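The structure under discussion appears below in the form of C-alpha cells.
The values are calculated or read from the model by the stated rules, or taken from the named source; none is laboratory data. Just so it is clear, the model here is predicted, and its values are computed rather than measured. Cβ coordinates were reconstructed from backbone atoms using ideal geometry, including for glycine residues, and neighbour counts include every protein chain displayed. Keep in mind that these areas ignore ligands, DNA and RNA; they rest on the heavy atoms of the full protein, side chains included. Shrake-Rupley method; radii C 1.70, N 1.55, O 1.52, S 1.80 Å.
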2 protein chains.
Amino acid sequence: VKKVLVTGAGGFIGRQSLSPLQAAGYDVHAVSLDIPAGSPDGIAWYTENLLNENVMSSLVDKIRPTHLLHFAWYAVPGKFWNAEENLDWVSASIALTKSFHRAGGKRAVFAGTCAEYEWSQAVCDETSTPLRPANLYGICKNSLQQIVTPYTKMSGISSAWGRIFHLYGPHEAPSRFVPAVIRALLTNTDARCTKGDQLRDFMHVSDVAAAFVALLSSPVEGPVNIISGKPVTLADVAGLIARKLNNSGRLQLGSIPAPPNDPPIIVGSSKRLNDEVGWHPARSLEQGIEETITWWRNNL
Amino acid sequence: VKKVLVTGAGGFIGRQSLSPLQAAGYDVHAVSLDIPAGSPDGIAWYTENLLNENVMSSLVDKIRPTHLLHFAWYAVPGKFWNAEENLDWVSASIALTKSFHRAGGKRAVFAGTCAEYEWSQAVCDETSTPLRPANLYGICKNSLQQIVTPYTKMSGISSAWGRIFHLYGPHEAPSRFVPAVIRALLTNTDARCTKGDQLRDFMHVSDVAAAFVALLSSPVEGPVNIISGKPVTLADVAGLIARKLNNSGRLQLGSIPAPPNDPPIIVGSSKRLNDEVGWHPARSLEQGIEETITWWRNNL
C-alpha cells in the first residue's frame, strides 16, 4: 500500500492535494497546524508543529510513510521573502528527510520555487538556468534542494523537486494580486494596479496540487517546473477578471508604481512536466479564473 | 572587550587558534567535546555537544560573545566526504548563527572548504569559480555559506567565510597523507604512495589557524581562500619529507593507484587573503614540514 505523508496539508496548495492523492490510491496522512474546514473524508490528520524536531521524528516513526509530499514552509504574504523563519524550515526539512529515510521511505517530492532561479534569464529551465536566488526564501529553498538531492540519492530514496511559479485559487491570501482584483471588482471598488506589463506564468492551485501528485506518482527525479508554459502579463489577468465581472471601469492599471526590483519576466519551460511527467493542467486560465471568481463570490 | 566563541576548539585547527586569539586581545571562550591536553592558560572551556540545539542556545546566551569563530563540523577522515552528519552540521550551524545574533554578536567567521568549488577549474577564485561541489561535505558547506551570508548581512552581523585547502601539522589523523609518509619513514617502513603528480596547496595548521584569527580581526566580508598560493605536487611534499629524514629509499611513489575521481589540480588564489586581509603564512613549506617531523618524532 502506498502511504503518503503530506506536510503543510492545511495550506494553500496542500489542502488541494488530498483528494487527488486519494484518487491516485494513496493512504493519506496529513500534518498541519490546523485541520482545514471541508477537507475530504478518510484523511488521517495530525495537528503538529514540524519545527519541533522531536515531535516530527516521532510522527514519522509512527506513520512510517512510503511517500513524502513536503509543502510545509513559512508562507506569510509579504514577509516570507526575507524572514528568518526560512532558516528554520531548512533545518526542519533536513530533519524530516532524515526521519523519512530512517522510517523506510521510498519516494519524496519537495515544494521548490521559481525564486531559486536567476530571474534575469528569459525562460527558467531546470537544467540550464543558473540558480542565483535574489532573496532569502529562494536561497533557503535552493540550499535545501542542493542538500536533499544527493542525500536522498545516496539513501536509496527516489526524489523530485517541484518548482512552483505563480498560482491563484480558493483560500489565497486576500491581499495577493488575483484575490485583490477579484474582490475589488466584486464589491465595485477601485482595483488599483501597476501598469501590469510584468510577464508571469499563472496556474490554478488545484492544478498545481494535481501536478505534484502526478510528479509523486512518476519516477521522474530532480527539479521540475510546475508551470503552464503559457506566459501572460498581469494586465492580461486583471483584464480577464474585469471582463468576467463586467467591471472594466474599476480596473485602474498604472495607478500605482511597480515595486522596486520587480522582475519584468518570470516564466519557464514546462517541457519536463509535460513530456517526462506526462502531465498537463486541467484548466485554461479562463476556466481557472471563472472558478476562482465563483469561490470568492461565496467567500467575500 | 572582544569576546570570541570558538567552536571545534579542541579540533585540528581550533586548538591552534587559541593562543593567536589571546595574542590578538580576545577573551577566549572555547567549546569542544573534550578539552585538549596542553591547551593555553586563561581559556574558558565548555565541554558541550553543539548538535544539541538547546544546550548550544543556552551556552551562547550565557557567554554573549561579540565574535564567533566556527570550526566545529563532522570530520572523521575518509568518512566525512559523504556522511549524513554533514546535514546535522548545516542545521546546527544555522541555529548557532541565529543564537549568536540574538545574543548581540557582531562579527562571525566560518570554516568553509575548497570542496565548495568546481574542481575542474584550474585556479579556485572566490568570485569567479563556479560553486559546484562534488561531494556532500562540499555541498553542505556551500549551502550553509549561501544561507548565512545574506542572513548575517540582514541581521547586522559582519561575516566572512574562510575556505580551507590542504593542511598538515601536529595532531593530524595519522592515516592522512603527510603523517602517513612521515611516520613510515621515521619508523623505516615503506611509504607506499600514488605517483604524486596531483597539484595541491598545503598550509601548516598553525598558519591556517592564524589566518582565521587575522580574518576575524579584519573587516573583510564573504568568502576568502585560506591558502598559501604556492602549489606543490604530492610528490614534492613526500620528497621533501624523505630528504629531511634522509630516507628516500623507503619512499615508493607510484606503488599504489590514485583514488578514482581524485582531482589532478586543487589550487586557488591567495589574493584576497594577502591583499585584503593583509595576511601571509609565517612558515615556508620546508619550515612547516620540519616542525611537523619534530612533532611526530615526539608523538609516534
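Key figures for this structure:
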read-out	value
Gap separating the Cα centres of segment B:192-218 and segment B:133-148, nearest whole Å	20
Alpha carbon centroid spacing (whole Å) that separates segment A:69-88 from segment B:59-95	24
Surrounding net charge for B:Thr187, when Lys and Arg each add one and Asp and Glu each subtract one, Cβ distance under 12 Å	+2
Volume per residue of the C-alpha convex hull in the protein assembly as shown, rounded to whole Å³	162
Distance in nm between pseudo-label sites at B:Asp61 and A:Ile256 (7 Å out along the Cβ direction from Cα)	4.0
Segment A:220-263 - accessible surface per residue (Å², probe 1.4 Å)	49
Portion, in percent, of the accessible area of chain B that falls on carbon or sulfur, probe 1.4 Å	50
Extension reserve of the A:Lys2-A:His171 stretch, reckoned as 0.36 nm per residue once the Cα distance is removed	58.0 nm
Diffusion constant of segment A:143-300 at 4 °C, which comes from Stokes-Einstein with the Kirkwood Cα-pair radius and 1.567 mPa s, µm²/s	76
Sequence-distant residues sharing a close amide H with A:Ala30 (under 5 Å, placed H)	A:Val6, A:Ala44, A:Trp45, A:Tyr46
Estimated Rh, chain B: Kirkwood, alpha-carbon pairs, angstrom	19.7
DSSP bridge orientation in the protein assembly as shown - percent antiparallel, rounded to nearest 5	5
Cleavage-rule hits, trypsin sites (Lys or Arg not before Pro), segment A:82-112, DSSP coil, Cβ neighbours within 10 Å at most 11	none
Residue-wise HN-Hα coupling along segment A:36-41, computed from phi with Karplus coefficients 6.51, -1.76, 1.60 (Hz; x: Gly, Pro)	x, 4, x, 6, x, 5
Normalised alpha carbon radius of gyration of segment B:153-221 [divisor 2.2 N^0.38 Å]	1.56
Candidates per trypsin sites (Lys or Arg not before Pro) in segment A:142-184, loop by DSSP, up to 10 other Cβ within 10 Å	none
Listing of segment B:147-163 residues, each with accessible area lower by at least 40 Å² in the full protein assembly than in the chain alone (probe 1.4 Å)	B:Ile147, B:Tyr151, B:Met154
Helix-derived mean residue ellipticity, 222 nm - over chain B, DSSP H n ≥ 4, -39500 (n - 2.57), to 500	-11000 deg cm²/dmol
Antiparallel DSSP beta bridges within chain B, percent to nearest 5	5
